[in-house]
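What follows is a short report on a single structure.
The values are calculated or read from the model by the stated rules, or taken from the named source; none is laboratory data. A quick note: this is a predicted structure, and the numbers were derived from the prediction, not measured. Here Cβ is always computed from backbone atoms with ideal geometry, including for glycine, and neighbour counts include all displayed protein chains.
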Amino acid sequence: MYAYRLVLLLVTLGYFFSPWLLQPWGSSDWYKPFLFWAGLIAATLWLEQKRRLELLE
Amino acid sequence: MSFTLTQIFALGVGYLSLLFACAWVVEKNWLPQKLVKHPLVYVLALGVYASAWAFYGSFGLVSQYGYGYLTYYLGIAGIFVLAPLLLSPLLRLARTYQLSSLADLLAFRYRSRWVGMLVTLGLLFGSMPLLALQIQAIGDVIYLLTNESSPYHLAFVFCAVITLFAILFGARHISLRERHESLLFAIAFESLVKLVAFLVLGGFTLYSVFGGFDGLEHWLTENSDTLANAIQPLENNQWRTLLLIFFATALTMPHIFHIIFTENPSEEAMMQSSWMLPIFLLLLALPVPIIYWAHHALGSSLPIEYATLSLGGYWGLVSFIIGLAAASGTIIVMTLALAPMVLNHLVLAVYQPPADFDIYFWLVRMRRLLISSLIFIAYLVYLVVSIEHDLATLGLSAFIATLQFLPGTLALLYWPIANRKGLLAGLMAGFLALGIGLGFPILLDINQITVLGFTLQLTGISDWHNITLTATTANILLFITVSLFTKMSEEEKAGALACSQDALFFPKRLELKAKDSAGFIRLLSIPLGAETAQREVSRALTELNINPADTRPHMLRKLRGQIQANLSGLMGAAVAQELVDRYLPWQNRNKSSENDIHHVERDLEEYRSRLTGMARELDKLRRHHRQTLMYLPVGICTLGSDQEVLLWNRAMEKLTGLASDEVIGSKVGHLPRPWGELLHTFLEGEALQVHHQPLEHPDNTKVWLNLHKAQQDDPATLMGGTILLVEDQSSLKLLENELLHNERLASIGRLAAGVAHEIGNPVTGISSLAQNLYYDANEPELVQETSQQVLQLTKRITSIVQSLVNFAHAGRHSDSLKFESVNLQGAVEEAIGLISLSHKGRNRVYENACPANLYITGDTQRLVQIFVNLIANACDATVDGGKIVCLGRQQGQEVLLEVHDDGQGICPQNLEHLFEPFYTTKQVGEGTGLGLALVYSIVEEHGGQIQALSPSPELKGGSCFRCRFPLPSSDVTYQESSSDNEQNTDR
């Protein structure tokens, strides 16, 4: 359950700061939004594993 | 390169045939179940979200807002990241209450048919642009690939094939909650086709147009200014609004809702999709800017929405297949989701088939008709509206419209005081704003309206941000305000509690009018017909694994809930609610009743993994207390105020042989014999405790029980009732009986010596008389007189022996008591007679002062045993010539018997221990310490009490034992059995 709060915090922060993703449009670092997105997926995967472990406890 | 219509038609039909084959092999079970049920299939099926708009319309967004197109993917990814907080609770609700659409969910929560109708209409109007967009995308791609001026006929043919597929594989099951594995697999296959084809297209574009990543970077560096100037970047708030719109689609768009909740194989699959779906979407989003830049680099003259066709050649066919896969998947799932919604909330609201109809057949037929109609209407919308508007406009309008359902849906989980009036007011305000802002200019081409002298310019989709904010803000404000200032009905409160994540649902333990499953069938036959009612009740009984003969109120409540859930899956939540409320009503609905503790416990168990902090610790404590009660080695049974069994612990299971599952929810009086009768009688009685209650099992084994009861009345929790505690005293009773029997034998032994001495005298007399007879045989008168004397002496011997035999025949203590009316004076006389035979009892003065007409109810021999023991004790306490007085009298509703002696008396410190087993003040070898314990036990069996007093109130010094027996009632029925249950209660 603590993991869920972390997820909520992550998504809320992402929501407010995500306009930053617009910046690299048309520049050579065009892939940055996708890297950020991949990072978000990795965090979600980690939290999902944590949730599973909590359920097993 | 241009293609002919025939070629495109053949390719399209070929692809759709492949889709049919895909569903067919699953239908025939030709594929391993492991593959069909794999979570990846579910995740890929969720890819239905990527409709034609993702492959064509999103390029329109790119051309306007650059990376603004990412909101389409990030929004829905965000809601999946929040799956444990938003999607899982909704999934549990949808499963528990068989809710198959957003309209069902909201109608269930807000308990309103109007809510269901409004949501259905809103979703219908909101979805139509998206459906039309799919058909338009196919039509436009065909046009661009063939240069045929009229692709409408071909688009129509594709619509017909898609309709056929939807009917064949998506509208087969009767229940809406049934999963369509073949359909899901086909949709997953489509998503895989879309993903692979789009990635291949993107990869090929990257290398063929830019020569790889380096080339792309080089091209971007050279054209960065041009690209930046070509777009109008989203403002931060616009970006966030777009993100919110696409965030809401997972909950509000019918096709996404359908796959997420209705076709979900397990909660675990949903949790896995929280990271797998974002990966899928990331891969889909990646080629979009590359293809867009390639479109620019190649200087293509094609509309930007169709940038995927820029590469030309056979890549156009790949683009067509991608579009067809996306469009067909969306159309199929969207209409499958919308058709039952329209049927349940619009058609059934105005027309319900008569009871003699085959309702299942009618429902399936109607659903198929609605699927066809919806696709046809979407085709008409495509012909009328879509031609004049681009894909981005249509798609965005649809997404903005469905955003209006987000506040109501979130409140469903997290705001229990939200009510239907607030929801309806908010939705109407939101849709009114959208209708004016978007509907007028897009559908009616009205660009200016004047209200109360104010002229309002309507700019349509170009002002989407302000229109969305206005509509959503009006919706939220009215929703909150009206909810805060209006009251909720009781039904609505129940719906709110059932859905709320922050509160547990406390349903009431009400009784139903239907008393058994046959009653359910009889009542449901009125609206559904006998056959359907029988089928639905049988289905619910099977699903709950309930015996049709089970009449427990708890089980009947569960049965009602399951029938409602099943009907909800069949006809929607609103109709199911109405049918059940009307035809399976509660009895005494308005009577205040207690909460259903079973439901509360079940909810707590399900909620357990989500508890944190103090709540988690409290839950651990609750479980600990429950376990303590369950494993306590004393039988515990708790009952509601209506005598429904709420808890039946392990000791009760062992003692009664009745499993908790069989008993919970029953009325206590309906429990199998002899327990039902015993517990019910005890509950109805005034006594709070009953000791040594004998109980005979059906197999003739006998047990002795101590029963205790306590009332619990807690108005705060509405959980009143009674706690019953049942102790098995059988082993203790048997041991006690054994000891008391030994004591009786010891008494007989003690008396035997006196008896032998007493018999000696008449025997000596008989011997002397016999000698006289020998010498005086010739004198008939003397012989006759002597014979008379012998007979008298013989009678005396018989009397002495008979007294001892009678005393001994009291038998084992465990034998049944024979309750009868006993004359107290006679019983005391018999006891004195016996004691006088003993050595110690000979030289005492006895006075039997009991009135001749004083009677008590009891077992004669047991009562004689009492008096023998008390008088023998008095003899022991007195010296030769000592006086022993037995007094009897009636005092109120009691009969008192007192044994006084003028002996040495009893020390005050010994008085309180006198009746304890093995407690004696006599020398070792003189007493067992069980005599008074035996007396105490017998007095208690007779419903009496005993008290020791010293000094005696009647004689100077000495002591007194006072026994109190209940006065026999005039209508006492004496039985020759152990039916003494009412008699042996402590008073």
Q: Scan segment B:242-262 and give yes if some residue there is within 11 Å of chain A (Cβ to nearest Cβ), in a helix (DSSP H, G or I) and more than 17 Å from B:Tyr72 (Cβ to Cβ), otherwise no.
A: no
**Q.** Odd one out for B:Asp463, checked against (1) within 25 Å of B:Leu234 (Cβ to Cβ); (2) in contact with a Lys or Arg (Cβ under 8 Å, 6 or more places away or on another chain)
**A.** (2)
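Can you pull out every residue in segment A:32-50 that is small (Gly, Ala, Ser) and either more than 9 Å from every other protein chain (Cβ to nearest Cβ) or touching a His at 6+ places or on another chain (Cβ under 8 Å) (or both)?
A:Gly39 - this is the single residue of segment A:32-50 that is small (Gly, Ala, Ser) and either more than 9 Å from every other protein chain (Cβ to nearest Cβ) or touching a His at 6+ places or on another chain (Cβ under 8 Å) (or both).
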Q) For B:Thr551, all conditions in the list (1) modelled with pLDDT of 80 or more; (2) in a helix (DSSP H, G or I) hold save one; what is the number of the exception? A) (2)
Q. Within segment B:630-643, is there a residue that is assigned by TED's automatic domain parsing to the domain that holds B:Asp699 and either among the basic types (Lys, Arg) or in a helix (DSSP H, G or I) (or both)?
A. yes
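If only one of B:Thr628, B:Thr542, B:Thr532 is of a type in the set (S, T, N, Q), under 17 Å from the mean Cα position of the chain (by Cα) and at pLDDT 80 or above, which one is it?
Within the list B:Thr628, B:Thr542, B:Thr532, the selection yields B:Thr542.
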Q. Can you tell me which of B:Thr481, B:Thr455, B:Thr468, B:Thr472 is outside the structural domain of B:Lys558 (by TED's automatic domain parsing), polar (S, T, N, Q) and in contact with a strand residue (DSSP E or B) (Cβ under 8 Å, 6 or more places away or on another chain)?
A. B:Thr455
Q: Please tell me if B:Gln64 is at pLDDT below 90, surrounded by fewer than 19 Cβ atoms within 10 Å (Cβ to Cβ) and either not aromatic (Phe, Trp, Tyr) or not assigned by TED's automatic domain parsing to the domain that holds B:Asp581 (or both).
A: yes
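If we keep just the residues of segment B:100-112 that are hydroxyl-bearing (Ser, Thr, Tyr) and under 14 Å from B:Gln577 (Cα atoms), which is nearest to the other protein chains (Cβ to nearest Cβ)?
This residue is B:Tyr110.
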Q: Select from segment B:73-99 the residues that are under 24 Å from the mean Cα position of the chain (by Cα) and within 9 Å of chain A (Cβ to nearest Cβ) and write down the one among them that is nearest to B:Leu412 (Cα to Cα).
A: B:Leu85
Q: Hey, could you check segment A:15-31 for residues that are more than 7 Å from every other protein chain (Cβ to nearest Cβ) and surrounded by 15 or more Cβ atoms within 10 Å (Cβ to Cβ) and say which is modelled with the highest pLDDT?
A: A:Tyr31
(Q) Checking B:Ser274 against (1) among the small types (Gly, Ala, Ser); (2) more than 11 Å from chain A (Cβ to nearest Cβ); (3) in contact with a helix residue (DSSP H, G or I) (Cβ under 6 Å, 6 or more places away or on another chain): exactly one of these is not met. Which one? (A) (2)
Q.
I'd like the residue in segment B:824-866 that is within 60 Å of the chain's Cα centre (by Cα) and part of a strand (DSSP E or B) and, out of all such residues, is farthest from B:Arg744 (Cα to Cα).
A. B:Tyr855
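Conditions (1) at pLDDT 85 or above; (2) closer than 30 Å to B:Ile766 by Cα; (3) touching an Asp or Glu at 6+ places or on another chain (Cβ under 9 Å), marked per residue:
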position	(1), (2), (3)
B:Phe819	no, no, yes
B:Ala827	yes, yes, no
B:Asn848	yes, no, yes
B:Thr857	yes, no, yes
B:Thr860	no, no, yes
B:Ile866	yes, no, no
(Q) Of the conditions (1) assigned to a helix (DSSP H, G or I); (2) without any contact (Cβ under 8 Å) to a residue 12 or more places away in the chain; (3) of a type outside the set (Ser, Thr, Tyr), B:Ala45 satisfies every one except a single condition; which number is it? (A) (2)
(Q) Filter segment B:508-521 down to the residues that are surrounded by fewer than 16 Cβ atoms within 10 Å (Cβ to Cβ) and either free of Cβ contacts under 8 Å to residues at least 60 places away in the same chain or not in a loop (DSSP other than H, G, I, E, B) (or both) and list them by number. (A) B:Lys515, B:Ala518
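So in segment B:132-156, with the set limited to residues that are at pLDDT below 85 and not acidic (Asp, Glu), which one is farthest from B:Leu370 (Cα to Cα)?
Of everything passing the filter in segment B:132-156, B:Asn147 is farthest from B:Leu370 (Cα to Cα).
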(Q) Step by step: first the residues of segment B:360-397, then only those that are polar (S, T, N, Q) and over 30 Å from B:Gly529 (Cα atoms), then the one that is modelled with the highest pLDDT. Which residue is that? (A) B:Ser397
(Q) Scan segment B:168-180 and tell me whether some residue there is within 30 Å of B:Trp464 (Cα to Cα), in contact with a Gly (Cβ under 9 Å, 6 or more places away or on another chain) and away from chain A (no Cβ under 14 Å). (A) no
Q. Taking segment B:216-234 as the region of interest, how many residues are more than 18 Å from B:Gln64 (Cβ to Cβ), of a type in the set (A, V, I, L, M) and either facing chain A (nearest Cβ under 7 Å) or not in a helix (DSSP H, G or I) (or both)?
A. 1
